[in-house]
1. Give the residues of segment 1-43 that are within 17 Å of the chain's Cα centre (by Cα), touching a residue at least 12 places away in the same chain (Cβ under 8 Å) and under 30 Å from residue 142 (Cα atoms), sorted by residue number.
2. Are there strands (runs of 3 or more DSSP E) fully within segment 1-79 with at least 3 residues that are not aliphatic (A, V, I, L, M)? List them.
3. So residue 92 ticks every box in (1) in contact with a Pro (Cβ under 9 Å, 6 or more places away or on another chain); (2) surrounded by fewer than 18 Cβ atoms within 10 Å (Cβ to Cβ) but one. Which box is left unticked?
4. Here is a check on your reading of the model: is residue 53 touching a residue at least 40 places away in the same chain (Cβ under 8 Å), of a type in the set (A, V, I, L, M) and either over 22 Å from residue 14 (Cα atoms) or surrounded by 11 or more Cβ atoms within 10 Å (Cβ to Cβ) (or both)?
Amino acid sequence: MIKQDHIENRSRRNNFLFFRIPDSGKETWDDSEAYVIQLYANKLGVTVNPSSIERAHRIVKYTVEKPRLIIVKFGLFKHKQKVLYAALKLKGINISISEAYSKNVRQERAKFSAYARQSNRQYTRRYNKQTIDGKTYAYDATNDVVSDVIR
């Protein structure tokens, strides 16, 4: 990973992306923050203090067909981690949460997902590495392949 990518990912360290949250098109930053706080309180039973959120707002241009993402930046990494662990309870709800990564890491993770679907096995993914059956894999951008990491 290049240094610029590393710096970008460090700056996104406390950020989350929320997908498929209904959107009116006229939503303010305060509305986005309130929606995220209510989501955690009502669906996950987690209290998120408004002071732990630096900002929350929609990104990309509004369209009727698809709700815009909400990006949330937490002031402290430990607040973000608390919220991340609670997000596991979102199964069965049509809302999902993802950590915000650089474009390169998002592309690597997409390649991992495709690779895991082809192998039809359970996997875990951490940042830009993936583990299947105890083996760690990484994406090789030069050859456009997912290959196992030799330790």
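1. Correct list: 5, 8, 9, 12, 13, 14, 15, 16, 17.
2. Output list reads 15-19, 53-59.
3. Condition not satisfied by residue 92: (1).
4. Here the answer is no, as residue 53 does not meet what is asked.
Only the coordinates and a few stated rules stand behind these numbers; no lab work does. Being a predicted model, the structure only gives us computed values, none of them experimental. All Cβ positions, even for glycine, are placed from backbone atoms using ideal geometry, and neighbour counts span all protein chains on display.
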